[in-house]
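Data first, discussion second: the structure below is written as structure tokens.
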Amino acid sequence: MSALAIEISDWKNPDDEYRRVMADRARRLRWLRSGTPQERTARVDALKAYYAEHVADFIDDWGVTVDPRVSASGREPLMPFRLFPKQRELVSWLLDRWRGGDNGIVEKSRDVGASWIAMCVGVTLCLFHRHMMIGIGSAKEDKLDRTGDPDTLMYKACMFLSYLPVEFTGGWNEKKNHAHLRLVFPDTDSSITGEAGDNIGRGGRKSIYFTDEDAHIEHPEAVDAALIANTNCRIAISSVYGMANSFAEKRHSGKYPVFTFHWRDDPRKDDAWYARLQDKYDPITIAQEYDLDYSASVEGQIIPSKWVQAAIGAHKKLNIKITGERRSAFDVADEGKDKCAHVIAHGVLLEWAESWSGKGGDTLDSTHRVYRNCDERKVDNFVYDADGLGATVRSDSRVIGEQRAVEVFGKPKAPPITVTPFRGSGEVLNPTRPVPGSPDRRNEDMFKNYKAQSWWNLRRRFAETVRALEGKPYDPDYIISINDAPDWKERSRLLVELSQPVWKWDSSGKMLIDKAPDGALSPNLADGVMMVFAPRKAGMRIRDDLL
């Protein structure tokens, strides 16, 4: 069976397509149940073997979900569970964690279906694998299992199971196999059990343990200690609740794989949806629970998350044609927790970025990667962080440049790429010039170093973009627009990182930047954005007619 038999083209109004999906499922079920008993058994056995390894296809082919909120608009609350791309990606990521026996962090916006995904994955594994023991934990018991409550995890699992063809459920019966906080799968001797509060992890060993809304667990140290001996695969799932909790510490520790599920990855949501959200909730709630902003309530945040959200596709909203210089920045890292990052901009457009671990290689390998990116994306330059580890990029670039300059049949092997150091610890540019927006202070009086000046410059770009979108006078060369292309995988992580740094004042009253407050990892993608849009002595070339 193909999970792509009926494509969902309009996720905001999917009812007609959902009806076709259900009709197609009925057709498939008739086929499954046709023929002789031997033929039916052979088909079911073959499908079970397939679905055991292709969990996303099973959810897509037969799963349902429930959203009682849509009934007010006349829509059917029960609907087929068709996975959009980011949800499919989450399924694969969860299975990779299980198969590899490692832990993971899922940071999510509210209402993107992550809890449904976790429960459907757990049920599917229990249906098609013997002796699967799935644990689910939450801060409060009524978040796990309460009769008739669609917000509980067990309700989601039972709804998914209840609407599956009996050929796949292995004799599961809700009355017989669902006790409070426990689901049993008689055909495979598997189970899903729930535990709340300080009891999380006390119920025996598990194949996978999901902790839902992990940031709200009251005594995380006790839970961590219990789960260390309980499972090889703990998946902590949560929306953001500031930095002062164990979930945030784990997410920023660099010790765990992180899956970022931002509402921008949900095709059912758009800017109009976000505007309605802003009318209902306070900015800090939106920033934390939807924009994944860990620093929303932190004093001195440089770029508020609502400014970041406003900048997505801003050039289209303002009808600005993207022209001008293409340029890039490289933030280098070694084999530690931080990642390398390469960012590319075209005029006022933040066009593309990616990050990668330096583990297993060296700075030369990463610099080669930057050169390849530049060639593929037609960029002839990059700046690099020359402080600390980045100093090696200079010699790496010289080696690569010499290799690229070797002539083949009288022509250079590859076009030259201009490489420029960025020294954030260095002196500010134009030290005696007044700070824009603060005419009583000069740059040398305001900023501790070039890095602080450059981060403030980036803040000004976002602020100017917000002014423009509010209909106020603005400089079209000084906004910033974030590419809204749906296939940009690193965008969600970048959106989170841009709001992480905060500013502080040193003893002399100058501004300095804390990129990693409360022990967070360095925001390498955001650092790349800061560098690529940093002020330069020669000025920044933006529009073609100014070149």
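Just so you know, all these numbers are worked out from the coordinates, no wet-lab data involved. What you are looking at is a predicted structure, and each value in this text was computed from that prediction instead of being measured. Positions of Cβ are generated from backbone atoms using ideal geometry, with glycine treated the same way; all protein chains shown enter the neighbour counts.
Work through the residues other than P77 whose Cβ is under 12 Å from its Cβ and net out their charges, Lys, Arg +1 and Asp, Glu -1.
-1
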Here the relative contact order (percent) of segment 181-327, from C-alpha pairs under 8 Å and at least 6 apart, is 16 percent
Of the candidates F259, T188, M79, the farthest towards the positive dipole end of segment 53-265 (Lys/Arg Cβ +1, Asp/Glu Cβ -1, centred on the Cα centre) is F259
Checked against the positive end of the charge dipole of the chain (+1 on Cβ of Lys and Arg, -1 on Cβ of Asp and Glu, about the Cα centre), the farthest of F128, S507, T231 is F128
Percent antiparallel among DSSP beta bridges confined to the chain, nearest 5, equals 50 percent
Restricting to Cα pairs under 8 Å and 6 or more apart, the percent relative contact order of the chain works out to 13 percent
Charge tally for neighbours of Y209 with beta carbon under 13 Å away, counting Lys, Arg as +1 and Asp, Glu as -1, is 0
In segment 53-265 the DSSP beta bridges are antiparallel at a rate, in percent to nearest 5, of 30 percent
Residues meeting the amide H criterion for D484 (H placed from the backbone, H to H distance under 5 Å, 5 or more places apart or on another chain) are G313
As a percent rounded to 5, the proportion of antiparallel DSSP bridges among beta bridges in segment 152-267 is 55 percent
With the dipole of the chain defined by +1 on each Lys or Arg Cβ and -1 on each Asp or Glu Cβ, the option from A353, Q301, Q288 whose Cα lies farthest towards the positive pole is A353
Computed over segment 53-265, the relative contact order (Cα-Cα under 8 Å, seq sep at least six) in percent reads 27 percent
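Report, in order of residue number, the helices in the chain meeting two criteria: a C-alpha extent of 27 Å or more along the helix axis, and a mean Kyte-Doolittle hydropathy of at least 0.5; treat each whole DSSP H run as one helix.
none
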Among [x] 26.9, 100; [y] 26.2, 89; [z] 25.9, 84, the value of Rg and Dmax of the Cα atoms in Å computed for this structure carries the label [y]
With +1 at each Lys and Arg Cβ and -1 at each Asp and Glu Cβ, the charge dipole magnitude of the chain around its Cα centre, to the nearest 20 debye, comes out at 800 debye
Per the helix-only model, the chain has a calculated mean residue ellipticity at 222 nm (DSSP H runs of ≥4, -39500 (n - 2.57) each, divided over all residues, rounded to the nearest 500) of -11000 deg cm²/dmol
Taking N as the residue count of segment 53-265, its alpha carbon Rg divided by 2.2 N^0.38 Å gives 0.96
The answer for Y384, listing residues at least 5 apart or on another chain whose modeled amide H is closer than 5 Å to its amide H, is F330, T420, F422
In this structure, among K280/K489; K321/K472; K156/K206; K359/K515; K306/K510; K472/K504, pairs with alpha-carbon gaps over 24 Å are K280/K489; K306/K510; K472/K504
Straight-line reach check, K143, cutoff 17 Å on alpha carbons, 8 or more apart in-chain or any other chain, hits among aspartates and glutamates -> D67, D111, D151, E195, D198, D212, E213, D214, E218
